[in-house]
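Asker: Quick one: the structure is below, and I'll ask about it shortly.
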Amino acid sequence: MKRQVILWAAVLALIGWMSYGIWRGEAAVIAERDGAAAVSAPEEEKALPAQKLIALTFDDGPHPVCTPMLLDGLKERGVKASFFLLGGSIEGNEEIVERMAEEGHLIGNHTFSHVQLTKISPREAEKEIADTNEKILAAAGVLPVYIRPPYGEWNEELEELTDMEPVFWNVDPLDWKIQDREKVAGHIIKNAGDGRIVLLHDSYETTVEAALEVIDTLKKQGYTFVTAEELLVD
Ligand code: NI
């Protein structure tokens with residue numbers, strides 16, 4: 001009787017040991033499979049169709065100090081932005097404008113002297129637009145297609161006057177007024193959304209810092225930064 005008990009105990013121990021071996025083997029296979037899945041996950045994420053696109057646009061430049069600072073930060077992060085330039089600010093900053101084009105940013109028109117286009121004569125408006133396009137073409141070799149009308153003021157007359165396409169915005173952190181990196185970045189992050197166009201001004205260091213912070217934060221949330229053109233074309 002005692003012998004039988006010992007025998008049964010030995011059999012059970014053997015079964016237990018074998019099952020443990022099988023379980024361990026399976027666990028190893030599962031671990032290997034999960035490991036492989038973890039490696040390929042980032043590629044799958046990139047292929048997801050539900051992409052969140054957002055455009056940062058900068059008005060009133062080029063600025064001799066802040067714009068190159070911004071361009072450096074954008075280049076480091078592989079991000080393309082849109083610049084709506086004042087024709088009157090281009091002289092002496094041609095190299096900055098050339099760099100924008102070289103680095104794949106969208107260059108648009110923001111009039112020559114930051115006038116409200118709806119308050120001047122059609123002839124004056126035409127000149128404001130044409131003189132700015134001429135300056136951009138001379139500096140960067142590209143003829144702008146898009147215009148950001150100062151103060152967002154646009155009407156049917158202007159629509160008929162020019163072939164340029166107006167680009168407005170739907171996120172405005174009032175960066176020029178606030179001049180506070182944290183508040184500006186916070187406003188944009190809070191109001192970010194797919195297809196949003198953000199209005200900024202590359203004439204302030206706080207704006208440059210805020211824009212770069214926004215890029216780093218929103219990229220982690222799955223956003224892709226594109227030019228305004230890429231959002232308008234859809
Ligand atoms: Ni402006």
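Asker: To the nearest 20 Debye, how big is the dipole of the stretch 52-233 about its Cα centre, given +1 on the beta carbon of each Lys and Arg and -1 on that of each Asp and Glu? All intermediate terms of the calculation are to be shown ahead of the outcome.
Answerer: Details: 17 positive and 34 negative charges, 148 e Å.
The calculation lands at about 700 debye.
Asker: Let me ask something else about it. So if we plug the beta-carbon distance of ALA138 and ILE178 into 1/(1 + (r/R0)^6) with R0 = 41 Å, what FRET efficiency do we get, rounded to 0.05?
Answerer: Details: r = 35 Å, r/R0 = 0.84.
Step by step, r from the Cβ atoms, then E = 0.75.
Asker: How big is D, in µm² s⁻¹, for the stretch 115-158 by Stokes-Einstein at 20 °C and 1.002 mPa s if Rh is the Kirkwood radius over C-alpha pairs?
Answerer: Numbers: Rh = 11.1 Å.
In µm²/s, the coefficient is 193.
Asker: Now for a separate question. Between GLU153 and LYS75, with labels modelled 7 Å along Cα→Cβ, what's the label distance in nm to one decimal, could you check?
Answerer: 3.7 nm
Asker: Next up: For an R0 of 35 angstrom, estimate the FRET efficiency from the Cβ-Cβ distance between GLU160 and LYS190 and round to the nearest 0.05.
Answerer: Details: r = 38 Å, r/R0 = 1.09.
So, using R0 = 35 Å, E works out to roughly 0.35.
Asker: Quote the Stokes-Einstein diffusion coefficient, in whole µm² s⁻¹, for the stretch 99-216, based on the Kirkwood radius over alpha carbon pairs, a temperature of 20 °C and a viscosity of 1.002 mPa s. Write down the numbers at each step before the final one.
Answerer: Working: Rh = 15.6 Å.
After rounding, the answer is 137 µm²/s.
Asker: Across the stretch 127-135, in residue order, what do the Karplus-derived ³J(HN,Hα) couplings come to in whole Hz, using 6.51 cos²θ - 1.76 cosθ + 1.60 with θ = phi - 60° and x for Gly and Pro?
Answerer: 5, 4, 6, 5, 4, 5, 4, 4, 4
Asker: Sticking with this structure for a sec: Among the GluC sites (Glu not before Pro) in the stretch 126-164, which ones are in a DSSP loop with at most 16 other Cβ atoms within 10 Å of the Cβ? Mind listing them? Display every interim value, and only then the final one.
Answerer: Working: sites: GLU126, GLU128, GLU134, GLU153, GLU156, GLU157, GLU159, GLU160; in loops: GLU153.
Filter output for the stretch 126-164: GLU153.
Asker: Right, another one. Consider a paramagnetic label point 7 Å from the Cα of GLU94 along Cα→Cβ; state which residues of the stretch 108-131 have an amide N under 18 Å from it.
Answerer: Hits in the stretch 108-131 for GLU94 at 18 Å: 131.
Asker: Moving on. When we measure straight from the Cα of LYS119, which lysines land under 20 angstrom away, once same-chain ones fewer than 8 places off are left out?
Answerer: Straight-distance partners of LYS119: LYS127.
Asker: Can you find, among LEU143, TRP154, THR227, the residue farthest towards the positive end of the dipole of the stretch 52-233? Put +1 on the C-beta of Lys and Arg, -1 on that of Asp and Glu.
Answerer: THR227
Read the figures in this text as sums done on the coordinates, not as results from a lab. Computed from a prediction, not measured in an experiment: that's the story for all the values here. Cβ coordinates were reconstructed from backbone atoms using ideal geometry, including for glycine residues, and neighbour counts include every protein chain displayed.
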